[in-house]
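Novice: This is the structure, below, for whatever I ask next.
The values are calculated or read from the model by the stated rules, or taken from the named source; none is laboratory data. Predicted, not measured: the structure shown is a model, and the values here were computed from it. Cβ sites come from the backbone with ideal geometry, for glycine too, and all protein chains shown count toward neighbours.
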Amino acid sequence: MRRGQQWIHGCLVLAMVSACGDDTSTLGASGGSTSTGTGEPQTPAPLCLDGGPLMGGMAQWLAPPFAPPGDMGQGGGDDDGGLDDGGIFLSTPDGGGVSFECDIFAQDCPSGEKCVPWANDGGTQWNANRCVPVDGNPAGVGQPCTVEGGPTSGIDDCSAASICWDVDRANEGTCIAQCMGDPSNPQCHDDQFCFQGYDGAVAVCMPWRLCIDDGVCQCLCPEESDPDCQPEQCAPLEDDRAPDELTSKPPVHADGDEPVCPDSYDPVVLYMSNDDSNSQASPILARRTILEGRVVDRSRIRIHEFLNYFDLSGPSQSEAAAEVGIEMRRTDAEDGEFTLVLRAQGRRLEAAERPPMNLVFSLDTSGSMGGEPMELLKDSMVAVAGELRAGDVVSVVTWNSLQTIELSGYPVTGPDDPELLGIIEGLQAGGSTDLHGGLLSAYTLAFQHHIDDGVNRVILVSDGGANTGITDIDLIASQAKDWDGEGTYLVGVGVGSSSYYSDQLMDDVTDAGKGAYVFIDDSQEAHKQFGERFLSNVMVSARNVRMQLTLPWYFGVKRFHGEEISGNPAEVEPQHLAPNDAMVFHQIVSACSPNLITTCDSITARVEYVDPITGTAGVDELTVPMETLVEQDAPRLYKADVVVGYAKALVVIDVLVDMGDQAQAVLVAQNMHAWAQTAADHTGDAEVQEIATLMGQYAQVLAAP
């Protein structure tokens, strides 16, 4: 997934300001002078002739009860990686903490299981250890093997002393031995050495013949033992486990730094997008992890998905395909700091108003889907069946090692069609995985039964155990762009327990497929996502949506909670916006000098989009004086503060646990529970109450012996 640029300068300038006069005889009316980036004194901009300093507008609620996680691991801060005395998260520490459920040297798993490396974040690199069952008919060292789900799933048919290595696209590889002894004194056969890597997640025996002068650098070899490797060629890559928070650099007003004002009075113009189209799996995965009694891994925290999942929409003011809204409050008068929420909201749409649908279900029925994942798949399918109407066309492809077309272009008779429900009930799990074949069959059916001026979707349901390749991503992306307009978008549905679920698959395919990504952890969530939110997850209200925010010249973005932001619109990938839904960006902005903020200043929010029905470009724009903006009701801003604070608290807690400071982790959870409960009592919002309840449960999980 392409991320936005790493740092956002608070002094981006793209257009001339016209709100205030340019009579230099009034310079200095706002009091004092500021400095430029070169250290030269600069006189503040004049006040409007009929204006004055901006007063009031303070938020009526308290900030979260812990210092914000700083730059969220994006760089800077203490070299040792951790928390300073104020609790500010500075950088990402090493170590696996609770991610290491067993010892690969001690092999301390229960009888019939083995300790293996795996990727607990759904990624392509091992980062943890866990116990998995040993296959009933295992392959020995040196023999061919097969993995289930993907190269980093940890589930294979090798013996207890080995794992499947060098896995290809068909999920086949060769069994190699794991090291014996201990990390400080690893043991292998004489013709082998022990490779230890991935922060201790992997310890396997490799042949010394790899480390010869053969023209190929093997970074697995012990340090400086391969003559083909150049100095620093095998240096480890930097860790990238931080959530999607961007911080300005150079800062407009960071702690300990002197405020720096730009040399120009041109306004700050920023463009932003979430790129992911309505992806919202991260908070559901976090909730399921808490309910399973485990620590939430910060690598799974994607703040923009929290903002997608919780309802931050407002009442519609028009019938436009996309409508803009903004809320703002002063949160630190001394630093000239404000928090604002910017949103683009899709038009309201009732079920009776929607066009006909061509839905193709691509269902993972491999062996790993047995038990709860299969039941959740069925719950999701039943929920969709209840929302269909006569004339909708449904196809069903199941796949494991083979693909089976259960239905092809079947016109349902209405909600809960008996034929469709019968197929759903008869689904069973077994076999290995062939995602590519399942996707190819699904898109072929979608093309065959395409409905002009209708909704055409592939809905992929999997426990994330499959792995996808470049050809699959290209296939999905090409179909999403088909017909130069309303293509066949892909909806990704993850199911199962968070402990074994790999969300990299769905994150990748839905990014390419321009569709929603949801995670289903229980029957209630299935009916929420495909009952209550059915239209939001399968339809598009506006295509190629990109937000634009124009701030007074002295403002800069201190923190941005979204996925992409830039002063260059070409660097921000547009996304699609669903009906009955909102795209939300939460950000903290700060003035380089608080006394520059005047009543004549205004903020402009703008959304640009393409209407999916007419194909014409559309715009909605809103300009509000700051004096008015900071006094207007801001119910969604308060709730957004809680949502962002909740996500950040999960990050801070995981860092503390990794550092071994369990007591402080418990305290953060307890304080967040109390703070969120106060917000729930004030707002009466059921989702804020859910956050408060979850934080209370999390505090109990963390405090348990």
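Novice: Just wondering, is there one or more residues in the stretch 359-366 that are in contact with a strand residue (DSSP E or B) (Cβ under 7 Å, 6 or more places away or on another chain) and part of a loop (DSSP other than H, G, I, E, B)?
Specialist: yes
Novice: Looking at the stretch 437-460, which of the residues that are within 14 Å of VAL393 (Cα to Cα) and of a type in the set (S, T, N, Q) is surrounded by the most Cβ atoms within 10 Å (Cβ to Cβ)?
Specialist: ASN456
Novice: Let me ask you something else. When you go through VAL584, VAL624, VAL607 one by one, which is the residue that is surrounded by fewer than 23 Cβ atoms within 10 Å (Cβ to Cβ), modelled with pLDDT of 90 or more, aliphatic (A, V, I, L, M) and part of a strand (DSSP E or B)?
Specialist: VAL624
Novice: Which of the numbered conditions does ALA429 fail, given that it passes all the others? Conditions: (1) in contact with a strand residue (DSSP E or B) (Cβ under 6 Å, 6 or more places away or on another chain); (2) surrounded by 17 or more Cβ atoms within 10 Å (Cβ to Cβ); (3) closer than 22 Å to GLY492 by Cβ.
Specialist: (1)
Let's see how each residue does on (1) over 24 Å from the mean Cα position of the chain (by Cα); (2) hydrophobic (A, V, I, L, M, F, W, C):
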{"site": "GLU564", "(1), (2)": "no, no"}
{"site": "ALA582", "(1), (2)": "no, yes"}
{"site": "CYS592", "(1), (2)": "yes, yes"}
{"site": "VAL610", "(1), (2)": "yes, yes"}
{"site": "GLY618", "(1), (2)": "yes, no"}
{"site": "ARG636", "(1), (2)": "no, no"}
{"site": "ASP641", "(1), (2)": "no, no"}
{"site": "VAL644", "(1), (2)": "no, yes"}
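Novice: Also, quick follow-up: For the stretch 332-358, name all the residues that are small (Gly, Ala, Ser) and in a helix (DSSP H, G or I).
Specialist: Result: ALA351, ALA352.
Novice: While we're here: What single numbered condition from (1) of a type outside the set (Lys, Arg); (2) at pLDDT 90 or above; (3) within 21 Å of the chain's Cα centre (by Cα) fails to hold for VAL557?
Specialist: (2)
Novice: Right, something else. Touching a residue at least 40 places away in the same chain (Cβ under 8 Å) and not assigned by TED's automatic domain parsing to the domain that holds HIS449: which single residue out of MET328, MET381 fits that description?
Specialist: Sole residue among the options that is touching a residue at least 40 places away in the same chain (Cβ under 8 Å) and not assigned by TED's automatic domain parsing to the domain that holds HIS449: MET328.
Novice: Which one is modelled with the lowest pLDDT, of the residues in the stretch 386-422 that are closer than 16 Å to MET357 by Cβ and small (Gly, Ala, Ser)?
Specialist: GLY391
Novice: Could you tell me which of the residues ALA686, ALA649, ALA665 is crowded, with 16+ Cβ neighbours inside 10 Å, more than 15 Å from ALA286 (Cα to Cα) and small (Gly, Ala, Ser)?
Specialist: ALA665
Novice: I would also like to ask the following. Given the conditions (1) part of a loop (DSSP other than H, G, I, E, B); (2) under 30 Å from THR146 (Cβ atoms); (3) touching a residue at least 40 places away in the same chain (Cβ under 8 Å), report the number of the one that SER401 does not fulfil.
Specialist: Answer for SER401: the failing condition is (3).
Matching residues to (1) among the hydroxyl-bearing types (Ser, Thr, Tyr); (2) modelled with pLDDT under 85; (3) outside the structural domain of LEU363 (by TED's automatic domain parsing); (4) assigned to a loop (DSSP other than H, G, I, E, B):
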| position | (1), (2), (3), (4) |
| --- | --- |
| THR471 | yes, yes, no, no |
| VAL491 | no, no, no, no |
| ALA512 | no, yes, no, no |
| GLY515 | no, yes, no, yes |
| ALA526 | no, no, no, no |
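Novice: Looking for whichever is at pLDDT below 90, under 29 Å from the mean Cα position of the chain (by Cα) and either within 23 Å of GLY140 (Cα to Cα) or among the polar types (S, T, N, Q) (or both) here; the options are ALA242, ALA170, ALA161. Which one fits? Let's see the steps before the verdict.
Specialist: Details: ALA242 fails: either within 23 Å of GLY140 (Cα to Cα) or among the polar types (S, T, N, Q) (or both); ALA161 fails: under 29 Å from the mean Cα position of the chain (by Cα).
Result of the check over ALA242, ALA170, ALA161: ALA170.
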